[in-house]
Amino acid sequence: MQLIPETAMAHSWFDNHRALLDHAQAAIACRTHWSPYAENPRSYGEMALEDGLAAFEAYRHAQFYLDQPGVDGRCGGEVSPYGLPLNVSYPRCSPEGLIAAAKVAMLPWVRAGIETRTGVCLEVLARLNAGSAEMAYALMHTTGQSLGLAFLTGGPRAQARGLEALAWAYRMMTQIPAQATWQRNISQRLEKRYMVAPLGVSLVIGCATQPTWHAYPAIFASLSTGNPVIVKPLPTAVLPLALTVAITRQVLKESGFDSNLITLLVGDPDDTPVLRDIARRPDIRLIDYAGAPDMGDWLRANARQARLFLETGGVNCVLVDSSYDYKALLKNLVLSLCLDSGQLRTTPRVIFVSREGIETPDGLVDPEQFGRDLAMALGKFVAEPARAAEVLGAIQSPATVARIAAVSELAEATAEILRPSATLAHPQWPAARMHTPLLLGASAEQREFFMEERFGPIAIVVTTANTATSLALAESTMRDKGALNFLVHATRPHVQQFAEDVALRAGVSLSLNLTGAALINQPAGFSDFHASGANPAASCSMIDAAFVANRFYFSQVQQHYLPPSSIDWLVDQ
């Protein structure tokens, strides 16, 4: 088969979206604020949300259509955390059939070239963006996010993360020429050609609480570098990724490629055996996963044939030493603890406070008073149900509700409950699983109590001897258990410097003195490196050069060139 140069089949979609790609390339270099997709629902039309709701309702009590290979039945059983049964069924396909189809689809996709692949992926993002309102309802009723947060984080911001991955991939793939001439002397001249070559089939394992935000960087990093993708959503949050796969398959089909470059693998409610089976198959060469640490540990131990891109979370720490604005500090912490009911891997988990007190413009605040103040601020925030519901949303999994109860029971015997968690009535959805955050108090000696991620709306205030002890405990916690971020409130320069040293050694991003709406658990696309890959919380950063470059290699073909006048044997002079 004749090799096709990378630039020969540049798709028109690449030209259509080239300006957006150029802007994205500039954004990953300058790291400033940029929102490539509109974040206001009204930008998508006055009736966008109403139309999105109608589209969502059309999927309920129906069969979701995907023309995929290896279908051996249907499955599904999603129930909204707001109490709404979805009753959507999806085609259940055999892993063998999906892998075989992906391998067949891969080679023409690779030979199409960098610009064609990138152009198709940019068109997919454009269509996903156009359907942001529809996606918002799908996310709301599978993850528990409020409609506003589902639209924002699962729509435009998730799409921005996909575009960010594309920008990095395009940069890394185009760093060398498609061909070159290598010549040492008259008898040693080689014509060389280089092509981006994929590692193989990519498995993207969905996240229950933010399926699109976590999956889009992986999907577009793999597809753009030539790797076909099998998307494996969690059984409780299928619809958002099913919509993503359906749209991507349609664009691939329109562009003349095999739509089996991306497929959906859905299983029964307890489909862990299916996931573990496909994750160990030799043809699965890339695995992206964001979720519970136990599955992450299993993948590290068992999926040895694949390159792993894992985010399993950890114990994100907060240190409160001093503050310019104590009330603003409390408000910011309350929002961070309440956002999405603490169901983000970036949510603060442990707050260290020195027994020597917190320096504020109004004087010292001792740890006991801080605990009371934070509990009171939480109470004031959740006292308005409509406001609280928009930030808290609903709890995605009954297991999280059970965890709140178990930790509360444990704290009654071993620690202090500063503010108990309580059920909260949602103003629109009476059956919603909505709970206020559980706020606990502990001492520095109770390391086994606070050195553990307790996923959900659970936070612990830990009293230490002094700020130096707080820094040491935060470092050991984040280094040993993993963390994605470190929030420090300190006005003293030497404390800020020590905090920066801790963050460097622990491999976490550091934020200082956040107040207002700048929340620690909302990483910014094109600016923040989400995770570092330098501690147990994640094996990679989203998104940097390594996130995309580890998905391909440069294939090389060289040909010896001799001029027509060459003789049978050439001897170097």
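From the list 316, 332, which residue is in contact with a Lys or Arg (Cβ under 7 Å, 6 or more places away or on another chain) and either in contact (Cβ under 8 Å) with a residue 40 or more places away in the chain or under 29 Å from residue 291 (Cα atoms) (or both)? Just one listed residue meets the conditions, 316. Only residues that are surrounded by fewer than 22 Cβ atoms within 10 Å (Cβ to Cβ) and basic (Lys, Arg) were counted in the stretch 432-449, giving 1.
Got a sec? Which of 345, 285, 387, 304 is basic (Lys, Arg) and assigned to a helix (DSSP H, G or I)? After ruling out the rest, the residue left standing is 387. Looking across the stretch 411-424, the residues that are over 19 Å from residue 79 (Cβ atoms) and either in a loop (DSSP other than H, G, I, E, B) or touching a strand residue (DSSP E or B) at 6+ places or on another chain (Cβ under 9 Å) (or both) come down to 411, 414, 415, 416, 417, 418, 419, 420, 421, 422, 424.
Annotation: of all residues in the stretch 35-57 being surrounded by fewer than 18 Cβ atoms within 10 Å (Cβ to Cβ) and of a type in the set (A, V, I, L, M, F, W, C), the one that is nearest to residue 172 (Cα to Cα) is 38.
Exactly one residue out of 59, 90, 65, 44 is under 30 Å from residue 425 (Cα atoms) and of a type in the set (Phe, Trp, Tyr): that is 59. Taken as a whole, the condition of being in contact (Cβ under 8 Å) with a residue 40 or more places away in the chain, part of a strand (DSSP E or B) and either in contact with an Asp or Glu (Cβ under 8 Å, 6 or more places away or on another chain) or not assigned by TED's automatic domain parsing to the domain that holds residue 342 (or both) does not apply to residue 74. Of all the listed residues (342, 267, 314), the sole one being closer than 19 Å to residue 437 by Cα and at pLDDT below 95 is 314.
Per this entry, residue 452 is counted among residues that are charged (D, E, K, R), surrounded by fewer than 19 Cβ atoms within 10 Å (Cβ to Cβ), closer than 30 Å to residue 499 by Cβ and at pLDDT below 95.
Return yes when residue 485 is polar (S, T, N, Q) and under 15 Å from residue 347 (Cα atoms) and no when it is not. Yes, satisfied.
Scanning the stretch 147-177 for residues that are surrounded by fewer than 24 Cβ atoms within 10 Å (Cβ to Cβ) and either part of a loop (DSSP other than H, G, I, E, B) or not assigned by TED's automatic domain parsing to the domain that holds residue 207 (or both) yields 174, 175, 176, 177. Here the stretch 116-171 is the region considered, the condition is being among the aromatic types (Phe, Trp, Tyr) and over 21 Å from residue 11 (Cβ atoms), and the residue that is nearest to the chain's Cα centre (by Cα) is 151.
Just one of (1) modelled with pLDDT of 95 or more; (2) exposed (fewer than 14 other Cβ atoms within 10 Å of the Cβ) trips up residue 563, so point out which. If we test residue 563 against (1) modelled with pLDDT of 95 or more; (2) exposed (fewer than 14 other Cβ atoms within 10 Å of the Cβ), just (1) comes out false.
Against the conditions (1) free of Cβ contacts under 8 Å to residues at least 12 places away in the same chain; (2) surrounded by 24 or more Cβ atoms within 10 Å (Cβ to Cβ), residue 184 satisfies every one except (2). For the stretch 24-52, residues that are of a type in the set (Gly, Ala, Ser) and either over 24 Å from the mean Cα position of the chain (by Cα) or not in a helix (DSSP H, G or I) (or both) total 5.
Screening residue 36 against (1) touching a Ser or Thr at 6+ places or on another chain (Cβ under 6 Å); (2) not assigned by TED's automatic domain parsing to the domain that holds residue 242 leaves a single unmet condition, (1). Say whether the condition of being surrounded by fewer than 24 Cβ atoms within 10 Å (Cβ to Cβ), touching a Gly at 6+ places or on another chain (Cβ under 8 Å), within 16 Å of residue 491 (Cα to Cα) and in contact (Cβ under 8 Å) with a residue 60 or more places away in the chain is met by at least one residue in the stretch 349-365. Within the stretch 349-365, not a single residue is surrounded by fewer than 24 Cβ atoms within 10 Å (Cβ to Cβ), touching a Gly at 6+ places or on another chain (Cβ under 8 Å), within 16 Å of residue 491 (Cα to Cα) and in contact (Cβ under 8 Å) with a residue 60 or more places away in the chain. Of the residues examined, residue 196 is not one that is assigned to a strand (DSSP E or B) and crowded, with 24+ Cβ neighbours inside 10 Å. Answer with yes or no whether residue 242 is assigned to a helix (DSSP H, G or I), among the aliphatic types (A, V, I, L, M) and touching a strand residue (DSSP E or B) at 6+ places or on another chain (Cβ under 6 Å). Criteria met by residue 242. Taking the criterion of being modelled with pLDDT under 90 and hydrophobic (A, V, I, L, M, F, W, C), the only residue of the stretch 154-198 that qualifies is 186.
Considering each residue of the stretch 53-62 in turn, none proves to be free of Cβ contacts under 8 Å to residues at least 24 places away in the same chain, in a loop (DSSP other than H, G, I, E, B), at positive phi and out of contact with any strand residue (DSSP E or B) (no Cβ under 7 Å at 6 or more places or on another chain).
Checking 292, 306, 242, 279 one by one, the residue that is crowded, with 21+ Cβ neighbours inside 10 Å, within 22 Å of the chain's Cα centre (by Cα), small (Gly, Ala, Ser) and over 23 Å from residue 75 (Cα atoms) is 306 and no other.
Kindly evaluate residue 144 against the criterion of being at positive phi and buried (at least 22 other Cβ atoms within 10 Å of the Cβ). Yes; evaluated as a whole, the condition is true for this residue.
Checking each residue of the stretch 93-106 against the condition of being part of a strand (DSSP E or B) and either under 21 Å from residue 238 (Cα atoms) or at pLDDT 95 or above (or both) gives at least one match.
Each row is one residue, and each column tells you yes or no for (1) in contact with a Lys or Arg (Cβ under 9 Å, 6 or more places away or on another chain); (2) in a strand (DSSP E or B); (3) small (Gly, Ala, Ser); (4) surrounded by fewer than 20 Cβ atoms within 10 Å (Cβ to Cβ).
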| residue | (1), (2), (3), (4) |
| --- | --- |
| 474 | no, no, yes, no |
| 487 | no, yes, no, no |
| 494 | no, no, no, yes |
| 497 | no, no, no, yes |
| 500 | no, no, no, yes |
| 503 | no, no, yes, no |
| 520 | no, no, no, no |
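One residue stands out in the stretch 253-282 among those that are outside any helix (DSSP H, G or I) and among the polar types (S, T, N, Q): the one that is nearest to residue 242 (Cα to Cα), namely 263.
The values are calculated or read from the model by the stated rules, or taken from the named source; none is laboratory data. For clarity, every value in this text was computed on a predicted model and none was experimentally measured. Glycine gets a Cβ as well: all are built from the backbone with ideal geometry, and neighbour counts include every protein chain shown.
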